[in-house]
Amino acid sequence: MCSDFHQGQNQESSRRGLIDRVRMRNGDGVPTNVRHAAALALAVWYLIGPPEKSGSDNDLKAPLGKWKIIDNYTDVAACEQGRIAHLSEWYDRADSDGVGTKAAINDARMLVWIDEAKCVSADDPSLKSNSATP
């Protein structure tokens, strides 16, 4: 029975030593899995829409930094779902506005704009050029 007690203590001591080594591997005492989780928690995806070109056309060739940020999300799947939700919202508005009215024309422009929107990671270097506008 005494050896079982000492064996349990040795296993616990060994586990603590392993944990300490993992923490110290990074040099700051923060476990790798905690650091990884924190990095993932900071991941941001933007739904961005193209800037307007001359007239009512959108400039799909403009640098991403010139595109307008519509919304932000925690991952790309949520961003795509958000894009679909925005499209649905504008479809509903278009249905409720009278055909040919100024509001209906604006709804149609917004539908095209949201349809051309993209999901882009916040750390995408191409967003840095000319800064995307919120």
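FYI, it's all coordinate maths here, none of it is from the lab. Keep in mind that what you see is a predicted model, and the values were worked out from it rather than measured.
Remark: the stretch 113-122, residue by residue, has Karplus-estimated 3J(HN,Hα) of 4, 5, 4, 8, 5, 10, 9, 9, 5, 4 Hz, where x stands for each Gly or Pro and the curve is 6.51 cos²θ - 1.76 cosθ + 1.60 at θ = phi - 60°.
For Asn58, nonlocal amide neighbours, meaning residues 5 or more places apart or on other chains whose placed amide H falls under 5 Å from its own, are Lys53. Across the stretch 43-54, computed HN-Hα scalar couplings (Karplus, 6.51 cos²θ - 1.76 cosθ + 1.60, θ = phi - 60°) run 5, 10, 10, 9, 8, 10, x, x, x, 7, 8, 5 Hz from first to last residue, x flagging Gly and Pro. The shape of the stretch 44-134 comes out oblate: with a ≥ b ≥ c from the C-alpha gyration tensor, a/c is at least 1.5 while a/b does not beat b/c. Once backbone amide H atoms are built at 1.01 Å from N, Ile70 has Leu47, Ile48, Gly49 as its partners under 5 Å, excluding neighbours fewer than 5 places away on the same chain.
Computed 3J(HN,Hα) for the stretch 71-77, one whole-Hz value per residue from the Karplus formula 6.51 cos²θ - 1.76 cosθ + 1.60 where θ = phi - 60°, is 7, 10, 9, 8, 8, 5, 5, glycine and proline marked x.
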